[in-house]
Amino acid sequence: MTEASKSDLLRPAVPSPEDNAPVNVDAILLSILGRGGGRFGMVAGVLRGERIVAQGAAGVRKRGTGERITFDNQFHLGSCTKAMTATLVAMLVEEGKLDWTTTLGELLADTVKPCTWRGRK
């Protein structure tokens, strides 16, 4: 695959304003998986506000089965909570609702009893 065709593959078609269907990014996900598409699977979604503007699924649901992954499959998120929390906090900082120096104590002051942990600053 040439560099030009790779860059075209990674640039999904832009839907017209009257087209509310999400852009299908299956091909982009397949290109990310590469040869691993027979052993792994992934789904992705892109949101703009509350609207899904792009989505895709690629690869297999279970290694060795050939069963394609779908949006209906359930995923174990495991240790993703730190990254997800950091992303949500960054979004709130960007919106001006939080500051990077905001503490949990400040954030939850009206809803949680004061902390009595001795190591608290």
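Every read-out reported here was derived from the displayed coordinates using simple, explicitly stated rules and does not represent laboratory data. Since we're looking at a predicted model, the values are computed, not measured. Using ideal geometry, Cβ is built from the backbone for each residue, glycine included, and neighbour counts are taken over all protein chains shown.
Taking 41 Å as R0, compute the FRET efficiency from the Cβ-Cβ separation of Glu95 and Asp26 and round it to 0.05. It comes out at approximately 0.85.
Highest mean packing first, where packing is the average number of other Cβ atoms within 10 Å per residue, the peptides 80-91, 43-54 line up as 43-54, 80-91.
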